[in-house]
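The values are calculated or read from the model by the stated rules, or taken from the named source; none is laboratory data. Keep in mind that what you see is a predicted model, and the values were worked out from it rather than measured. Positions of Cβ are backbone-derived with ideal geometry, glycine not excepted, and every protein chain shown enters the neighbour counts. Note: areas computed on protein heavy atoms with side chains; ligands, DNA, RNA excluded. Shrake-Rupley method; radii C 1.70, N 1.55, O 1.52, S 1.80 Å.
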Amino acid sequence: MGAVTDDEVIRKRLLIDGDGAGDDRRINLLVKSFIKWCNSGSQEEGYSQYQRMLSTLSQCEFSMGKTLLVYDMNLREMENYEKIYKEIECSIAGAHEKIAECKKQILQAKRIRKNRQEYDALAKVIQHHPDRHETLKELESLGKELEHLSHIKESVEDKLELRRKQFHVLLSTIHELQQTLENDEKLSEVEEAQESTMETDPKP
């Protein structure tokens with residue numbers, strides 16, 4: 001149902017009461033009483049109209065006083081509503097600031113959580129590796145072993161070089177021996193040939 005306008009309220013009052021309603025009716029009655037008082041024929045009638053005018057004036061004053069009180073009350077209510085409105089605006093602004101601060105705290109908490117997870121993951125990786133003292137000890141042991149193997153390598157290389165030289169000398173000796181044998185064989189053949197020639201030649 002829609003809101004009733006002031007014009008509709010006044011129209012209904014005028015239809016119900018031809019003299020008006022509320023303050024308008026009292027003013028109309030006061031004017032009528034004043035006209036009757038001016039046209040009164042006797043003192044009693046004039047006094048009666050006079051009392052009616054006083055009564056109507058009292059009602060008008062009372063209504064005016066009540067209207068002023070309502071007006072003052074409405075002003076105070078408006079001031080109160082404005083104060084409440086400003087407080088609500090301040091509360092809303094404060095709520096927005098708190099929300100923004102909470103968002104910052106949430107982002108910071110997410111960063112801290114992420115850093116903590118990365119730290120935990122790194123700590124697990126570190127736990128799977130030996131500590132620095134053990135690593136240095138192992139490196140020292142490996143260094144000694146590498147040095148020992150290097151000496152062994154040098155010794156083996158020296159032995160190989162010696163064997164190579166000995167093998168070269170052996171090959172040279174074998175070659176000389178073979179050459180000697182060939183020379184001896186050729187010499188024997190020459191000698192045998194000479195002996196055969198001497199045997200076949202007649203004696204003088």
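Structure values in brief
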| read-out | value |
| --- | --- |
| In the range 109-155, the residues that are of a type in the set (Ser, Thr, Tyr), open to solvent by less than 100 Å² (accessible area, probe 1.4 Å) and within 53 Å of the chain's Cα centre (by Cα) | THR135, SER141 |
| Boolean, LEU69 is assigned to a helix (DSSP H, G or I), out of contact with any Phe, Trp or Tyr (no Cβ under 6 Å at 6 or more places or on another chain), free of Cβ contacts under 8 Å to residues at least 60 places away in the same chain and open to solvent by less than 100 Å² (accessible area, probe 1.4 Å) | no |
| Filter result (open to solvent by less than 80 Å² (accessible area, probe 1.4 Å), without any contact (Cβ under 8 Å) to a residue 12 or more places away in the chain and assigned to a helix (DSSP H, G or I)) within the range 30-66 | VAL31, CYS38, GLY46, SER48, GLN51, LEU54, SER55, SER58, GLY65 |
| Test: residue in the range 156-166 that is of a type in the set (A, V, I, L, M, F, W, C), at pLDDT 85 or above and open to solvent by 90 Å² or more (accessible area, probe 1.4 Å) | yes |
